[in-house]
Every structure is written in structure tokens, then in C-alpha cells.
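Chemist: Below you'll find the structure I mean.
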Amino acid sequence: MAILSNLLKKGIRLRESLEQEYSSPIDLQKDQLRKLLMKAERTEIGKKYDFQKVLKSFKNGNQEFYDLFKNQIPIYDYNSIHEEFWKKLQEGKKNVTWPGAVKYFALSSGTSGAASKYIPITKAMANAIRRTGVRQILSLSKYELPASLFTKGILMLGGSTDLEFNGTYFSGDLSGITASKLPIWLQRFYKPGKKIAKNRNWGDKLDQIVNQAKDWDIGIIVGVPAWLQLLMEKIIERYNVKHIHEIWPNLQIFVHGGVSFEPYKKGFEKLLGKPLVYIETYLASEGFLAFQALPNRKSMRLVLNNGIFHEFIPFSEENFDEEGNVRQSAKTFKIDEIEEGKDYALLITTCAGAWRYLIGDVVRFVSKEESEIIITGRTKHFLSLCGEHLSVDNMNKAIEMASDELNFRVKEFTVLGVPHKSLFAHHWFVGSDDKVDSEMLKEALDLNLKALNDDYAVERKHALKKVIVDVLPSAVFYDWMKSQGKEGGQNKFPRVLKGDKAENWQKFISEKGYSK
């Protein structure tokens with residue numbers, strides 16, 4: 001088992017994993033927050049919000065430290081923390097939100113806003129991401145996998161490792177930043193290799209991987225589902241084979257994240273010769289927040305002892321406005337105060353200098369005791385034109401059910417809220433290369449959503465007057481991503497389009513001749 005034995009030879013232990021296994025979540029989180037505050041107390045943000053005062057409260061009762069922390073420091077989103085602090089980091093200033101200067105910035109996929117976001121990646125965060133990655137690899141020992149798998153190649157389909165440099169800092173896709181800093185022991189297993197990984201042209205990179213694919217013995221693939229599916233289709237077509245296992249017979253694991261895999265699963269599995277083990281991760285540009293720790297689960301375990309302090313805001317109208325913006329009066333909770341089965345927007349404080357930062361994801365705890373979560377959506381990726389409160393989780397489940405009922409493969413989809421006469425409609429755009437009747441798909445989606453969401457069912461009788469479904473070739477979605485400069489890497493197609501992005505999409509498909 002070459003990979004695992006390499007970890008042990010390098011002295012990497014299971015200590016952190018065992019610490020989380022046998023410690024209470026709040027004890028781990030309290031310790032993380034204390035360490036983060038101590039490290040940053042002399043920074044600009046630490047002086048402004050008197051981190052030292054917050055630190056003194058840790059000697060007192062269990063609740064006091066958190067009451068002072070949340071009263072002392074406001075909630076930030078990207079725009080507010082960038083305007084006040086992070087733009088100074090891009091100017092080369094030191095000791096702003098974390099000790100020292102920041103040399104790397106991850107460009108987020110920007111699914112919620114119009115432009116890419118520049119997320120600081122400190123040395124401490126890069127190390128934290130690496131440590132959590134090692135913990136995930138070590139968790140493979142809990143799966144029934146042959147020892148031979150750990151001698152096979154790992155294909156990581158990510159952004160370019162040839163980062164942009166402006167004289168002050170490097171910037172690029174997080175996957176490109178992390179791949180450029182792989183530990184030596186992992187480099188011997190890593191594909192597509194340094195040369196191909198540097199390529200900034202996504203189309204060329206895929207072609208180069210296709211050319212090399214037959215020479216590699218791949219056991220694990222890692223990446224965003226849509227791009228990996230596209231790559232496998234290209235390989236199958238190029239070598240005129242029935243499925244990917246004719247090229248990579250030892251392929252056994254798919255590590256994915258970023259979006260729900262369920263809508264892609266039907267089409268993905270058509271490309272396989274035998275089942276894969278699916279492992280979900282929650283690796284955002286802001287940090288490695290969670291990963292699937294055990295087999296046969298659809299939840300992920302929050303990482304509680306590796307440079308991130310988590311807070312939770314109930315995702316409700318009391319705490320968020322109709323555009324998904326957090327209200328100033330929002331109530332926040334620490335990990336021992338949450339309830340299972342409720343949706344929470346996630347706030348994080350990290351060793352990259354994010355403080356009470358609204359990451360934009362909505363999570364639901366399926367096990368409070370084990371800190372197991374699922375991602376149910378985004379704070380700004382939902383539709384509630386008239387009180388229907390339609391979440392991304394509802395959309396994912398409805399499209400998955402419809403694809404099973406009508407036996408077709410979904411490659412991508414997005415939904416727009418649009419006016420209909422004096423009231424409202426939902427306009428679905430579904431990417432598929434299979435034959436499917438859009439009218440039957442509309443009926444299936446509508447019925448599924450009524451069953452999944454009571455508010456939607458009520459509003460379909462009142463203000464939500466119409467559901468529109470257009471089925472488009474999957475290439476239209478990929479072409480739009482390319483036109484937005486969001487091709488490949490960690491970029492994902494937004495499940496809900498609003499504002500300028502919605503207008504841009506409608507204009508794009510109209511120019512392509514797909515608008516009715």
C-alpha cells in the first residue's frame with residue numbers, strides 16, 4: 001500500500017483524526033478559536049476588535065468567550081472584508097488579518113457574484129489543507145479496498161499550476177495552487193503530471209490528458225463531476241471503447257466536491273464498466289472544511305481541529321433578506337448549540353485571516369454528535385419569488401427523480417425566476433444530450449417539487465403560475481462557462497441565475513439560437 005506506507009514513513013500520524021474522534025466538538029472548536037485569536041491579536045484586525053479582551057474571557061465560563069467574540073467582531077461577507085482588509089493584502093501590506101504578508105490568492109469560481117473573488121491563502125492555510133488531505137487519504141483504510149489500489153495513479157483534474165504573478169502575489173484556482181505544492185511522496189502518483197498541469201488552456205489540457213490516458217494506470221480520480229465526465233467521454237470516444245474501465249481497469253475511487261453529485265450520477269455511471277466508490281469532500285477556496293469520513297454515508301464530517309472555527313446562522317427570513325444577504329440582527333450559534341435537521345448558513349474564522357466570514361454555503365447537520373453535515377445549497381442560490389422557498393437541495397432531488405423517471409442523463413441545469421404576466425414563473429434550462437420531451441420533464445419536475453416542498457405546492461396554486469423547461473445540448477452550458485472565463489478547474493455552473501448573470505445567460509442562448 002504505497003501511499004499509506006509513504007505517509008507512515010514520513011511520520012504522519014493519526015493523532016489529529018483520533019483527537020477529533022475522542023474529543024467533544026465544542027472543546028476542539030474553543031481551542032481552535034483561542035489559537036486563531038492568539039496568533040492574530042497583533043494584526044490590524046486584532047487590534048481593531050481587541051482580540052486580547054476576547055482571549056481573557058476564555059478563562060471564564062463556556063459561553064462567555066463566544067458571547068464576547070460575536071459581540072466584538074461583526075459578520076463579514078467577501079465584499080465587506082475585502083474592502084476593509086483583504087485589498088490591503090493584495091497591495092503587499094503585512095499583518096492585516098493574519099501575521100505576515102500573503103503571497104497566494106485563490107480565485108473563487110464566483111458563482112454568486114459577477115467577478116472572481118481573491119481569497120487569501122496563507123502558509124498556515126496551505127499546511128492545514130495538506131493535513132486534512134492526508135487525513136482523508138488515511139480514512140481510506142476504513143473502506144474495503146485492495147492493497148494494490150494504493151500503488152496506482154491519482155488523476156487530479158484541476159486548474160493550472162502556472163499561476164499568475166503581478167509582482168506582489170500569485171493568483172489562480174485553488175486546485176492549481178495546491179497541486180503546485182504537492183508533497184514529494186505524492187508526486188510519484190500524481191497525474192496529469194507537472195507539464196500538463198501547467199497548461200492554462202483548458203481545452204488543450206483535456207486533449208493532452210486524452211493523449212496520455214492509455215499510458216496511465218489510474219486508481220483514483222479527483223475533481224468536479226461535470227469536467228471529469230466530459231474528460232471520460234473524450235477518452236472513450238478517442239479510443240473507441242465502451243467504457244472508461246477498458247482504459248483504466250484499476251479505477252476504483254472518485255473523490256468529488258463543489259456540487260451535488262446526484263444529478264450527474266446517472267450519466268456518469270453510463271461511462272463505467274464497474275461501480276466506483278464515491279467520496280465527497282468540502283474543499284472550498286476558503287479552506288478544507290469537511291470530508292466523508294466513513295463509507296456508505298452521504299454526509300461529511302466537519303474538521304474541527306485544523307485552523308477553522310465554525311459558526312452557524314439559521315437560514316431563515318429572520319436572518320436573511322429576500323436576496324440572500326445576511327441581516328445585521330442575524331443570530332449565530334456555535335457547534336454545541338445547533339439542531340439536527342435544520343439549515344444553517346456557515347460562518348468561518350480561519351488561519352487564512354477570514355473572520356466571521358459568510359462563506360455562502362448552507363449546511364444541515366445529520367448528526368450533531370459526530371459533526372456530520374450535508375450541503376443543502378447556497379445563501380444566494382435559492383428561489384423565493386412569492387414564498388416558494390425553493391432550495392438547491394430541492395432542485396437537485398427533483399431533477400434526479402425526473403431523470404430516473406424519464407430515463408435520461410442530466411449533464412447540467414440551472415433555474416431562473418422570471419415574471420409571468422403580473423405574477424411569476426420558474427424557467428428551467430436542462431443540459432442533456434439524450435432525447436427527452438420537455439413537456440414531460442416539466443410535469444415530472446413540477447410534481448416532484450410539489451412533493452418535496454410544501455411551500456412550492458401552495459404557491460403553484462397562487463402566485464407561481466408557470467413552470468417553463470427548455471432542454472439544451474450540454475455543450476451550450478460548457479460554452480457559456482468558457483465565455484465567462486470559468487472553464488475547468490473548480491468552476492461550477494450556478495444552479496440559480498439572478499441579475500446580470502441571468503441576463504447574460506439569456507442573451508447568450510438567444511445568440512446561439514436556443515431562445516424561444
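The values are calculated or read from the model by the stated rules, or taken from the named source; none is laboratory data. These numbers come from a predicted model, not from an experiment. Because the Cβ atoms are built from the backbone with ideal geometry, glycine has one as well, and the counts that use them run over all protein chains shown. Each accessible area value is taken on the protein alone, full model and side chains, heavy atoms only, with ligands, DNA and RNA left out. Shrake-Rupley method; radii C 1.70, N 1.55, O 1.52, S 1.80 Å.
Chemist: Can you list the HN-Hα couplings for the range 169-177, worked out from phi with the Karplus curve (6.51, -1.76, 1.60; θ = phi - 60°), rounded to whole Hz and with x for Gly and Pro?
Modeler: Per-residue couplings from phi come out as 8, 9, 9, x, 5, 4, 4, x, 5 Hz.
Chemist: Taking the Cα centre of the range 359-398 as the origin, how large is its charge dipole in debye, to the nearest 20, when only Lys and Arg (+1) and Asp and Glu (-1) carry charge on their Cβ atoms? Intermediate values should be presented prior to the final figure.
Modeler: Working: 5 positive and 6 negative charges, 37 e Å.
It comes to approximately 180 debye.
Chemist: Based on the mean of other beta carbon atoms within 10 Å per residue, what is the order of 278-291, 191-204, most packed first? Show your work: numbers first, answer last.
Modeler: Numbers: 278-291: 22.9, 191-204: 16.1.
The peptides rank, most packed first, as 278-291, 191-204.
Chemist: Among VAL430, VAL277, what's the order by accessible area (1.4 angstrom probe), most exposed first?
Modeler: Most to least solvent-accessible, the answer reads VAL277, VAL430.
Chemist: Rolling a 1.4 angstrom probe over the protein heavy atoms, how many square angstrom per residue are accessible across the range 369-438? Please list the in-between numbers first.
Modeler: Working: 2680 Å² over 70 residues.
Ligands and nucleic acids excluded, the figure is 38 Å² per residue.
Chemist: Given ALA226, SER148, GLY324, which one lies farthest toward the positive end of the charge dipole of the chain, if we put +1 on the Cβ of every Lys and Arg and -1 on the Cβ of every Asp and Glu?
Modeler: After comparing all options, I get SER148.
Chemist: If I take R0 = 45 Å and measure r between the Cβ atoms of LYS195 and LYS48 in this structure, what FRET efficiency does the formula 1/(1 + (r/R0)^6) give, to the nearest 0.05? Don't skip to the end; give the middle numbers.
Modeler: Values: r = 46 Å, r/R0 = 1.02.
With R0 = 45 Å, the Cβ-Cβ based efficiency is 0.45.
Chemist: If packing is taken as the average number of other Cβ atoms within 10 Å across a peptide's residues, how do 357-364, 399-406 rank, most packed first?
Modeler: On the way: 357-364: 23.5, 399-406: 19.5.
Output ranking for 357-364, 399-406: 357-364, 399-406.
Chemist: Continuing with the same structure: Explain nothing, just the number: dipole magnitude of the range 312-366 about its Cα centre with +1 on each Lys and Arg Cβ and -1 on each Asp and Glu Cβ, in debye rounded to the nearest 20. List each step's numbers first, then the result.
Modeler: Values: 6 positive and 11 negative charges, 58 e Å.
Charge dipole, the range 312-366, about its Cα centre: 280 debye, nearest 20.
Chemist: Farthest toward the dipole's positive end in the chain, which of ALA293, TRP202, LEU347, given Cβ charges of +1 (Lys, Arg) and -1 (Asp, Glu) about the Cα centre?
Modeler: TRP202
Chemist: Which FRET efficiency value, to the nearest 0.05, do you get for GLU318 and LEU406 by plugging their Cβ-Cβ distance into 1/(1 + (r/R0)^6) with R0 = 41 Å?
Modeler: Working: r = 39 Å, r/R0 = 0.94.
For GLU318 and LEU406, the calculated efficiency is 0.60.
Chemist: Stokes-Einstein D for the range 241-341 at 4 °C, 1.567 mPa s, Kirkwood Rh over Cα pairs, in µm²/s?
Modeler: Details: Rh = 16.8 Å.
Rounded to a whole number, D works out at 77 µm²/s.
Chemist: With the cut-off at 20 Å, tell me which of the pairs LYS205/LYS482; LYS411/LYS435; LYS380/LYS498; LYS198/LYS512 have Cα atoms farther apart than that.
Modeler: Details: LYS205/LYS482 14 Å; LYS411/LYS435 13 Å; LYS380/LYS498 9 Å; LYS198/LYS512 32 Å.
Flagged as over cut-off: LYS198/LYS512.
Chemist: Magnitude of the Cβ-charge dipole of the chain, K/R +1 and D/E -1, about the Cα centre, nearest 20 debye? Working shown, then result.
Modeler: On the way: 75 positive and 65 negative charges, 398 e Å.
The calculated dipole for the chain is roughly 1920 debye.
Chemist: State, to one decimal in nm, how far the label point of ASN62 lies from the label point of LYS298, with both points 7 Å from Cα in the Cβ direction.
Modeler: With each label point 7 Å from Cα toward Cβ, the separation is 3.2 nm.
Chemist: If a/c stays under 1.5 just call it rounded; otherwise compare a/b with b/c (prolate if a/b is bigger, oblate if not). Do that for the chain, with a ≥ b ≥ c from the square roots of the Cα gyration tensor eigenvalues. Don't skip to the answer; put the middle values down first.
Modeler: Working: a/c = 1.55, a/b = 1.12, b/c = 1.38.
Note, shape of the chain comes out oblate.
Chemist: Got a sec to turn the phi values of the range 440-457 into Karplus ³J(HN,Hα) couplings, 6.51 cos²θ - 1.76 cosθ + 1.60 with θ = phi - 60°, whole Hz, x for Gly and Pro?
Modeler: Karplus values, whole Hz, x for Gly and Pro: 5, 5, 4, 4, 5, 4, 4, 5, 5, 5, 5, 6, 7, 9, 4, 5, 4, 4.
Chemist: At 0.36 nm per residue, minus the direct Cα-Cα distance, what do THR168 and SER141 gain on full extension? Give it in nm, one decimal, please. List each step's numbers first, then the result.
Modeler: Values: separation 27, 0.36 × 27 = 9.72 nm, distance 4.19 nm.
Here the answer is 5.5 nm.
Chemist: What number, rounded to the nearest 500 deg cm²/dmol, is the helix-based mean residue ellipticity at 222 nm of the chain, given -39500 (n - 2.57) per DSSP H run of at least four residues and division by all its residues?
Modeler: Numbers: 20 runs with 184 residues, N = 516.
Here the helix-only value at 222 nm equals -10000 deg cm²/dmol.
Chemist: I would also like to ask the following. Given a 1.4 Å probe and every protein chain left where it sits, what share in percent of the accessible area of the chain is carbon and sulfur?
Modeler: On the way: 10680 of 22390 Å².
Carbon and sulfur: 48 percent of the exposed surface of the chain.
Chemist: Separate question: With a 1.4 Å probe and every protein chain left in place, work out the accessible area per residue of the range 217-364 in Å², rounded to a whole number. Could you put the intermediate results ahead of the total?
Modeler: Working: 5070 Å² over 148 residues.
It amounts to 34 Å² per residue over the range 217-364.
Chemist: Please give the Cα centre distance for the range 417-455 versus the range 260-303, rounded to the nearest Å.
Modeler: Centre-to-centre (Cα) distance: 26 Å.
Chemist: Sticking with this structure for a sec: When the label point is put 7 Å from the Cα of ASP217 along its Cα-to-beta-carbon vector, which residues of the range 243-261 have a backbone N closer than 17 Å?
Modeler: 245-253
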